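Read-outs: derived from the displayed coordinates by stated rules, not from any lab. Remember, predicted model here, so these are calculated numbers, not experimental data. Neighbour counts are summed over all protein chains in view; Cβ atoms, including those assigned to glycine, are modelled from backbone coordinates with ideal geometry.
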Amino acid sequence: MLRLLVAALCLRGALPAGPSLLEAHEHNAPIVYSLDASPGLVDHAFSAVASLSSVVHASANATALRFAFVLTIPEASLDEFTAALCATIISAVGRDLHRPGLPVCARRSLAAFLASGSDGSCAAAGNAALPARVTFVHFPQHAGDYPGRVQRVLELLCCSQHRYAVDRPELARSMGNHARFFAYLALLPLGVRRAMFLDVDTLAHDDVAPLMASPLDEQKFVAAAKRCAPKRAAYKPRFKFSDPLVAEFGLRSEAQHVNAGVLVMDMERYCAADVVGNLDTVLVRHLRGPPLWRQGNNQPPFTIAAARHTLFVHPSWNVRPGDARAEQMVAGRQTRYSRRHPKAGADECADMVHNPARILHAHFKPCDALPNRLCPSPKTEATAREREDATKALKNACVAVNAADAKDKRPKAPCSCKGKHFTDVLMPKA
């Protein structure tokens, strides 16, 4: 471990002092991003590269990092897209990804794991390991290509958007948006016991090793950042706390709402506890009777399904725009309650006013975080032109992905709410 740390310091120059919390047995714990075919794929791809780059450069032990990308894109465009994405990642953080004896990029297929029957066990493969620093895992685009229970949850998530109008209905049909909830199907066969899931629009400003090393156990096996703006945030699920099912799963307060943009999961315990089955139960209940939440798509049901298993970490690990506004309110607000209880403001949210965020979420555009040579739309030029071969190749690959996706007329996540899988779901009249 000491040799690895010294090597990282030599490569990176001045780095924060002190040992990393990523011990040898955690080298197989990846940071996972998800990308799927969508009109915004170009921005999403470059955002993911910027986020990955920020994690690498903030790490005190970059050689210990592993990454995985869940790709729900047409198989016909897989070769071109993964090659271009890998080249762009190397262009952004090349020297920190190179290590003798370990490839930079490799590719695996969820379909191959499912064909081998690997979805039947919740134990991580003991003799397997991530094959490279960055592993691309191809997921099927169509709900029918997943195990029946996962297919059902995907379709129920699609159906749930019909209860109320949502701001971003496209997310209900996005396979990539839901992939984190069943990514264990591919991660466990690769020997992964613990993984960190990051949205592509996140930037790390501190070493993520302490977050990855969160003290998860048999009861608390999902780590998420505490919310700091549950009452004033723009996004408010408005849970129905009086429903017996919500209470049974352990949800008591809006402050327990999980933003899934930054998550750490113990894959084995997550699988063994059948959180996917909990999602099924919650979604069916939401569709059959009075709604269990009023805003959002997949984060509210996950909040309920994993409520009793969620460990909340410091809010600085996931600072969103609504939370940034809350910091200012905490700094200058003196409420009747805080005057009666002087220690009420001395909590983790108040502490954020005086301490920088460790992960910023949805606070940047790709060009704000990438080097100028990689910026897909240079701000310094009147007309956008390609700055580097890797940039041009990735943009062209994204266009090819969307072109291949447009030729496929089959629905990605069909809302067959009255089909054969939903005999127990009574959809209300619109």
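Using a simple spin-label model with points 7 Å from Cα along the Cα→Cβ vector, what separation in nm is obtained for A123 and E218?
1.6
Pairs to check: K220/K240; K365/K407; K220/K365; K240/K365. Give those whose C-alpha atoms are more than 26 Å from each other in this structure.
Details: K220/K240 23 Å; K365/K407 30 Å; K220/K365 34 Å; K240/K365 35 Å.
Long pairs (Cα-Cα over 26 Å): K365/K407; K220/K365; K240/K365.
First measure r as the distance between the Cβ atoms of S109 and R149, then evaluate 1/(1 + (r/R0)^6) with R0 = 22 Å and state the FRET efficiency to the nearest 0.05. Could the numbers behind the result be given before it?
Working: r = 20 Å, r/R0 = 0.92.
Approximately 0.60, to the nearest 0.05.
Rg (Å, one decimal) plus Dmax (Å, integer) for the alpha carbons of segment 53-95?
Calculated on Cα positions, Rg and Dmax stand at 12.5, 38 Å.
Limiting things to C-alpha atoms, what are the Rg and the maximum Cα-Cα separation (Dmax) for segment 84-193, in angstroms?
Rg and Dmax of segment 84-193, Cα atoms, are 16.8, 53 Å.
Amide H to amide H, which residues 5 or more places from S34 or on other chains are under 5 Å from it, using H placed in the peptide plane?
For S34, the qualifying residues are V70, V200.
Considering the Cα positions of segment 80-119, please state its Rg to one decimal place and its Dmax as a whole number of Å.
Over segment 80-119's Cα set, Rg and Dmax evaluate to 13.7, 38 Å.
If every alpha-carbon in segment 245-302 counts as one equal scatterer, what log10 I(q)/I(0) does Debye give at q = 0.13, 0.17, 0.24, 0.27 1/Å?
-0.36, -0.62, -1.22, -1.41
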